[in-house]
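The structure appears below as structure tokens.
The values are calculated or read from the model by the stated rules, or taken from the named source; none is laboratory data. Nothing here was measured: the structure is a model prediction, and the numbers come from that model. Quick reminder, even Gly has a Cβ in these numbers, built from the backbone with ideal geometry, and neighbours come from all protein chains shown. All accessible areas refer to the heavy atoms of the entire protein, side chains included, with ligands and DNA or RNA removed. Shrake-Rupley method; radii C 1.70, N 1.55, O 1.52, S 1.80 Å.
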Amino acid sequence: MPRGGGLMASGARLQLLLALWMLAAPARPVAADAGDGGWQRRGPGAAAALAEEERCVVERRADLSYSEFVQHYAFSRPVILQRLTDNSRFRALCSREKLLASFGDSVVRLSTANTYSYRKVDLPFQEYVEHLLHPQDPTSLGNDTLYFFGDNNFSEWASLFQHYSPPPFSLLGTTAAYSFGVAATAGNSTGAGSGVPFHWHGPGFSEVVYGRKRWFLYPPEKTPEFHPNKTTLAWLQDVYPALAPSERPLECTVQAGEVLYFPDRWWHATLNLDTSVFISTFLS
């Protein structure tokens, strides 16, 4: 055989051996942060995500100026803000692996998901992530549903918060306060979802770092129909379908990297469609 043919034959054998080795080799694990920070459950037993709303009725704005914000949204209606800040560093620090490494031993305070009264439970962040961050019994009431949001020890979590860039909009006479949280996916009809039932307070911004969060909003003069000790998922399944079009809330799903602004005293409820990491900036 000519020398060139021998090299070609050797190359073909090498390619065949390489192909066989790749088929026989065990699959390598996917990197911890495949765009979701390692927070989403996969494989058998993982909950199917709830659907997003059929039509987002909250306006999305990119490159919004401060004067436009004050004139059109600050005191009148919600808006979803895009591309206002670069929080890529903060997002990287909020991966499951990094948060557990930095704050796994930190004690966090969990709150119940009911509207008018709150039970508090303290436990290590790692225990919450590994044992409570999963879909729960659909019959659970709000005061039996625990989630981590808001009760942060700011001195203990300062090394994380110092990397967060809040929306560059403020309101005269207010000061900003952060609330950081991690909440489980809503799951499907076999698992109750995490989220906050209808309530209201001062104005603020809420940014989704990982996951998706569905929002339901009513203006101050339009009190929604809801049971104060039932979850947002129970409201969505039991009350929402019977609402007339004129009684429906403003709603939209806020994606990772987006920030929702809600004005003062607007009623709002949330539902996590994925395991979500989020941070709010309350203007009080």
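Considering the stretch 241-284, the residues that are touching a residue at least 12 places away in the same chain (Cβ under 8 Å) and among the hydroxyl-bearing types (S, T, Y) include one that is nearest to A92 (Cα to Cα), namely S276. Taken residue by residue, the stretch 236-254 has no member that is polar (S, T, N, Q) and assigned to a loop (DSSP other than H, G, I, E, B). Within the stretch 255-284, the set of residues being in a loop (DSSP other than H, G, I, E, B), more than 15 Å from E52 (Cβ to Cβ) and open to solvent by 30 Å² or more (accessible area, probe 1.4 Å) comprises G257, D264, R265, S284. Picking from residues in the stretch 196-208 that are open to solvent by 10 Å² or more (accessible area, probe 1.4 Å) and closer than 23 Å to G257 by Cα, the one that is modelled with the lowest pLDDT is V196.
Among what's in the stretch 122-135 and is at pLDDT below 85 and open to solvent by 40 Å² or more (accessible area, probe 1.4 Å), pick the residue that is nearest to the chain's Cα centre (by Cα). Taking the candidates together, the pick is H134. For the stretch 84-103, a residue qualifies if it is more than 17 Å from A158 (Cβ to Cβ) and either free of Cβ contacts under 8 Å to residues at least 40 places away in the same chain or touching a Cys at 6+ places or on another chain (Cβ under 9 Å) (or both), and the qualifying residues are S88, L100.
Of the residues screened, P249 is one that is over 17 Å from the mean Cα position of the chain (by Cα), open to solvent by less than 20 Å² (accessible area, probe 1.4 Å) and either of a type in the set (G, A, S) or modelled with pLDDT of 95 or more (or both).
When E221 is tested against (1) touching a residue at least 40 places away in the same chain (Cβ under 8 Å); (2) closer than 26 Å to G173 by Cβ, just one condition goes unmet, and that condition is (1).
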